[in-house]
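J.: Quick one: the structure is below, questions incoming.
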Amino acid sequence: MDVARKSQDDAEWRERLTPEQYTVLRQEGTERPFSSPLNDEKRTGTYVCAACGQKLFTSDMKFDSGTGWPSFHSALDNALETKRDFKLVLPRTEYHCANCGGHHGHVFDDGPQPTGLRYCNNGVALRFVPDDEG
Ligand SMILES: [Zn+2]
């Protein structure tokens, strides 16, 4: 991707997202723990990418991790892509929306069954769509 195209994309992102969403989705920022109302979201529905609307998780993949971020043990097929992140001493696995490339969080291997995975997601990067609104 050339530089002109990239900065054009960047301008579009800034327009479309709130400053908090931009920091997380485009700069791999992390929201404050316990700041997202989605931590306590218990209704049945689907979690979609706040930037592009791609479906990422369903409510039955969510669990209460106690970390202060919305957490999921699974993700929908082909919804996410991962890369290794060496920002901390211990490498983490970063994941982002497979459709728009927006950063969502990190996946750890200390989650519950059936997968043993924990997708630790920034709530600001998600939008919840309750089933009864679908
Ligand atoms: Zn997306």
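J.: I need the full set of residues from region 22-36 which are open to solvent by 30 Å² or more (accessible area, probe 1.4 Å), within 16 Å of the ligand (Cβ to nearest atom) and either free of Cβ contacts under 8 Å to residues at least 60 places away in the same chain or among the polar types (S, T, N, Q) (or both), in order please.
T.: Hits for region 22-36 are THR23, GLN27.
J.: Suppose we keep only residues that are open to solvent by 90 Å² or more (accessible area, probe 1.4 Å) and farther than 21 Å from ALA50 by Cβ within region 67-96. Which one would you say is nearest to the chain's Cα centre (by Cα)?
T.: ARG84
J.: On to the next question. Please work out if LYS87 is basic (Lys, Arg), more than 16 Å from the ligand (Cβ to nearest atom) and under 27 Å from THR44 (Cβ atoms).
T.: no
J.: Please find, within region 37-63, the residue that is nearest to GLN21 (Cα to Cα) out of those that are within 16 Å of the ligand (Cβ to nearest atom) and aromatic (Phe, Trp, Tyr).
T.: Looking at residues that are within 16 Å of the ligand (Cβ to nearest atom) and aromatic (Phe, Trp, Tyr), I get TYR47.
The values are calculated or read from the model by the stated rules, or taken from the named source; none is laboratory data. This structure is a prediction, so every number in the text was calculated from the model and none was measured. Reconstructed Cβ throughout: ideal geometry from the backbone, glycine too, with neighbour counts over all protein chains shown. Side chains are part of the model used for accessible areas, which takes the heavy atoms of the whole protein and leaves out ligands, DNA and RNA. Shrake-Rupley method; radii C 1.70, N 1.55, O 1.52, S 1.80 Å.
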